[in-house]
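Reading through the structure tokens given below for one structure.
A short reminder: the numbers here are calculations on the coordinates, not readings from a lab. Here the structure is a predicted model, which is why all the values come from computation and not from measurement. For neighbour counting, all protein chains shown are included, and Cβ atoms are generated from backbone atoms with ideal geometry for every residue, glycine included.
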Amino acid sequence: MQTTLRIHTRGAGLTEFTPEVQALVERHGREASLASLFVQHTSCSLLIQENADPDVCRDLRAFFDRMVPDANDPAMRYLTHRAEGPDDMPAHIKAAVLPVSLNVPIAGGALALGTWQGLYLFEHRSAPHERKVVVTLI
Amino acid sequence: MQTTLRIHTRGAGLTEFTPEVQALVERHGREASLASLFVQHTSCSLLIQENADPDVCRDLRAFFDRMVPDANDPAMRYLTHRAEGPDDMPAHIKAAVLPVSLNVPIAGGALALGTWQGLYLFEHRSAPHERKVVVTLI
Amino acid sequence: MQTTLRIHTRGAGLTEFTPEVQALVERHGREASLASLFVQHTSCSLLIQENADPDVCRDLRAFFDRMVPDANDPAMRYLTHRAEGPDDMPAHIKAAVLPVSLNVPIAGGALALGTWQGLYLFEHRSAPHERKVVVTLI
């Protein structure tokens, strides 16, 4: 079974979509042992992270914004791909460092995530986007 | 076939578990073509790296400790999630940068790793932990 | 179906090999739903990135060369694994940060990549190499 989820982001930051994938697995994944996720973009990422304390998501975003500052930052003067603004190339760099594909095991018709693990779409562009995640159950 | 391995870590650093996965594949993976690994935690990672010279593991740890210093470091003053101590949020950040899931091909009933590749559990917390890795053979 | 592609690199930088995988999928992947890619080395990486503007690849390389400078750089004095020269350990570090395995969904007998996504081999060593990528269709 393969389907495409559409995740709406509100600009840079993390959006959890564990329930959407969990629902898919419950409906179609009774016989499956693996959910393979793939995001069809090069300026956002998939991420599995703690979903208990929202500070974790804020701190993650703060870290990656310091690791890869906007192209306006003097430290990023060497960047040449600037067609779509100062968040364009930094978004590609973050998308190289963070996952484009993820596999999550399925056990007993449910995602076998750890107690604190949630599935996130990490938007790296400043503006809101609709992002497509292909989910394949195997 | 799906099973959960328990890897005991001795605090921050890399623990190789290639033989455990190799043994599983030899016992149950005769017909399989892929081993999918998934770690059920958000403060440690999976990693495939050189297992010939132990200096590689030491240098990897040294790099990531400089890239993401403890929360006590003045450079990390902006971190807000500190519930479990100065290694808490840095462990989550390292777990975002390094893999939570990995796929290794199986050929002829054995892991098709390169000559120098080993499978590691990279512990990011200071204290020893028992870590669960779900292995799915497909 | 499982096969090994050989990618020839011309030293550090990104080499696209989307057409080679697309051809494999068209020939053997009519019934497949997933292409799993695995690189059998610890000093190069797989990467999915924008293949429209070549500046993106140049900027990506520039970023990672600044993030992980050669071992000759004073900032990297702490590195101990130097057997194969100043690009040896930095290549292992880049190979830890960037993907060793990737999954791409297959739909209608073709790779279901996004409009701007291309498959790349990211060489981290200075010298040209022949790199092996195992492709498993599921």
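Per residue of A:62-69, count partner chain C-beta atoms within 10 Å of its C-beta, then hand back the mean as an integer.
4
Which residue fluctuates most in the GNM of chain C (Cα springs below 10 Å): C:122, C:63, C:38?
Of C:122, C:63, C:38, the most mobile in the Gaussian network model is C:63.
Gap in Å between the Cα centre of the stretch A:87-138 and the Cα centre of the stretch C:1-48?
21
Might you report the magnitude of the Cβ-based charge dipole of the protein assembly as shown about its Cα centre, with Lys and Arg at +1 and Asp and Glu at -1, to the nearest 20 debye?
In debye, rounded to 20, the protein assembly as shown gives about 440.
Let me see the pair-distance distribution of the stretch C:29-105: every alpha carbon pair, 5 Å bin width, integer percents in order.
Calculated P(r), rounded to whole percents: 3, 13, 19, 19, 18, 12, 8, 4, 2, 1, 0.
Quick one: angle between helix B:54-67 and the longest Cα principal axis of chain B, in degrees between 0 and 90, rounded to 10, please.
Here the helix axis deviates by roughly 40 degrees.
Just to confirm the number: angle between the C-alpha axis of helix B:18-28 and the first principal axis of chain B, 0 to 90 degrees, nearest 10?
30
Which value in nm describes the separation of the simple spin-label points at residue C:132 and residue C:18, placed 7 Å from the Cα toward the beta carbon?
The two pseudo-label positions are separated by 2.8 nm.
Springs between alpha-carbon atoms under 10 Å, Gaussian network over chain A: tell me which of A:30, A:66, A:125 tops the mean-square fluctuations.
In this elastic network of chain A, the residue with the biggest mean-square fluctuation among A:30, A:66, A:125 is A:66.
Residue A:75 label points, 7 Å along Cα→Cβ, one per copy: pairwise distances from this copy to the rest in nm, shortest first?
Distances to the matching label points in the other copies: 0.8, 0.8 nm.
Count, for each residue of A:124-135, the Cβ atoms from other chains sitting within 10 Å of its Cβ, then give me the mean as a whole number.
Mean partner shielding for this stretch: 1.
What is the sum of charges, Lys and Arg at +1 and Asp and Glu at -1, for the other residues whose Cβ falls under 15 Å from the Cβ of residue C:60?
With Lys, Arg at +1 and Asp, Glu at -1, the net is -2.
Taking R0 as 41 Å, what FRET efficiency do you get between residue B:3 and residue A:27 from their Cβ-Cβ distance, rounded to the nearest 0.05?
FRET efficiency, residue B:3 to residue A:27: 0.95.
Using only Cα atoms, find the angle between the long axis of helix A:88-97 and the longest principal axis of chain A, and express it within 0 to 90 degrees, rounded to the nearest 10.
Result, in degrees: 50.
Take peptide B:101-110, look around each residue's Cβ out to 10 angstrom, count Cβ atoms belonging to other protein chains, and average those counts.
Shielding by partners across B:101-110 averages 6.
If you line up the Cα atoms of the stretch C:1-131 on their principal axes, what length do they span on each, largest first, in Å?
Answer, in whole Å and largest first: 52, 29, 21 Å.
Which of the peptides A:69-76, B:46-53 is most tightly packed, and how do the rest follow, judged by the mean count of other Cβ atoms within 10 Å per residue?
With the highest mean Cβ count within 10 Å placed first, the list reads B:46-53, A:69-76.
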